[in-house]
Amino acid sequence: LQKEGIMGLDAFTIRNLELFQSLSSQGINGTLVGTIDNTVTAAGSRLIKNWLRQPLTDPEKINERLDRITEFIIDDGMLDKIQDHLKETADIERILARIASAKASPRDVINLGTSLKRIPLIKDTIHKKNKMLTQLLLRCADTKKITASILNTIKPNPPATTKKGGYIHEGFSLELDELRQLSEDASKWMANMQLEEKKNTGIPSLKVGYNKVFGYYLEVTKTHIKKVPDHYIRKQTLTNSERYFTEELKEYEEKILSAEDKIISLELTILDSLQQEIISSAESIQKNAKILARLDVAGTLANLAHKKGFKRPVIDTTSCLEIKYGRHPVVEDLLPMGEDFIPNDLELDHENLQIAIITGPNMSGKSTYLRQVGLMVILAQAGSYIPADFARIGVVDQLFTRVGASDNLAGGESTFLVEMNETANILNNATAKSLILLDEIGRGTSTYDGLSIAWAVTEYIHSHKDVQAKTL
């Protein structure tokens with residue numbers, strides 16, 4: 001089902017135009033996304049793919065995206081600063097998902113806080129004269145409160161896990177600070193107690209020690225056993241000494257050992273409560289994450305246009321498709337150094353030039369020409385500058401392609417049947433506002449049968465009142 005305001009791209013077209021996956025290597029090398037995706041954030045990368053998968057059909061919205069790119073091209077110093085800020089942001093949407101599913105670490109949470117802290121800095125970088133970018137950032141929700149909560153709660157470089165605690169800021173919780181103090185003061189306390197007990201008992205060799213099996217103890221050598229006070233309780237006998245404990249020592253031991261457990265559980269409680277606060281602000285945070293992704297995409301496309309000499313297309317609702325000095329963005333990118341792509345023109349419209357038949361020998365660039373038109377239309381309607389000196393594009397509601405020969409033998413379909421299925425799909429769904437790219441038709445059969453099919457399909461597209469789409 002085609003969404004309102006979105007150009008229809010079926011699976012055949014996405015595959016044939018190699019938007020996301022190369023037909024030859026199965027990787028992204030040689031694909032449109034591989035050529036244009038130089039985004040600096042993960043959310044920006046997801047968004048640019050989304051825009052290519054769902055180009056728009058509303059000229060106003062397309063021009064809004066193009067205006068942002070234009071503002072960035074005019075002010076490239078501002079673009080550099082914004083991209084530097086964006087490089088320092090984490091993947092906010094993914095972190096929110098981890099927090100919502102209780103899988104986030106303290107490190108995720110602090111990364112969220114430092115990323116949100118960048119938003120006011122980015123706002124300050126954008127000059128008032130850049131109307132479209134200013135408007136975009138005015139749509140940012142106010143997340144100062146939750147940002148402050150995160151930065152005041154979590155330490156700057158927290159551990160990756162919550163197992164041992166140590167990720168909540170000092171001064172955040174009095175109880176936590178006391179427990180930590182207790183834990184840290186254990187060795188100091190032992191030294192003080194040792195001095196005090198030596199003084200009180202007059203035993204110079206008295207020692208306060210600790211081991212995991214017996215806990216804390218007072219050790220007295222056999223020589224001084226007579227000086228041991230009555231309130232010492234015997235704990236363990238060794239060859240040359242006796243070990244004791246007192247009620248005070250026992251209380252302190254319980255306090256220290258339970259302090260460490262309490263620290264971990266108290267920090268978890270604080271972290272949990274912070275995560276609940278984040279979840280209640282999730283809508284605002286998500287909104288801001290989307291705006292940062294849009295900034296990233298606009299900046300990336302501005303850089304691309306600047307480096308590759310892409311120009312802004314004219315987008316309107318006419319039936320016109322006019323391109324001057326158009327180039328194939330991917331082929332141009334893959335050409336060896338010193339070799340230039342030979343640009344070419346195209347003029348199609350509904351009234352005078354609805355169908356163009358491209359002929360020529362093998363390897364003369366027919367397929368490249370057909371595909372480059374498809375890619376330029378997708379790029380333009382996704383809201384990007386395109387590799388042409390001039391282009392006027394009347395919005396296309398659906399783009400159909402029928403390319404080369406592939407079979408589906410496992411499904412019992414020969415190359416001929418696959419081709420006929422794809423062709424039938426085009427003829428049944430195209431409208432007068434569609435663009436059809438038929439790269440070879442009527443293959444896998446005899447010369448006259450193939451010619452008859454190609455002829456009949458062309459006549460049908462040309463004359464059938466429900467189709468009459470612009471076709472190459």
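The values are calculated or read from the model by the stated rules, or taken from the named source; none is laboratory data. The structure displayed is predicted, hence computed values, not measured ones. Because the Cβ atoms are built from the backbone with ideal geometry, glycine has one as well, and the counts that use them run over all protein chains shown. Side chains are part of the model used for accessible areas, which takes the heavy atoms of the whole protein and leaves out ligands, DNA and RNA. Shrake-Rupley method; radii C 1.70, N 1.55, O 1.52, S 1.80 Å.
Details
- Per-region count, region 178-225, residues charged (D, E, K, R), modelled with pLDDT of 85 or more and in a helix (DSSP H, G or I): 5
- Yes/no for Thr415 being open to solvent by 30 Å² or more (accessible area, probe 1.4 Å), out of contact with any Gly (no Cβ under 6 Å at 6 or more places or on another chain) and β-branched (Val, Ile, Thr): no
- For region 155-173, the count of residues that are among the acidic types (Asp, Glu) and open to solvent by less than 80 Å² (accessible area, probe 1.4 Å) is zero.
- Only residues that are closer than 30 Å to Ile154 by Cα, surrounded by 13 or more Cβ atoms within 10 Å (Cβ to Cβ) and not aromatic (Phe, Trp, Tyr) were counted in region 186-222, giving 1.
- The strands (runs of 3 or more DSSP E) found entirely in region 385-472 that carry 2 or more residues being touching a helix residue (DSSP H, G or I) at 6+ places or on another chain (Cβ under 6 Å) are 398-403, 435-439.
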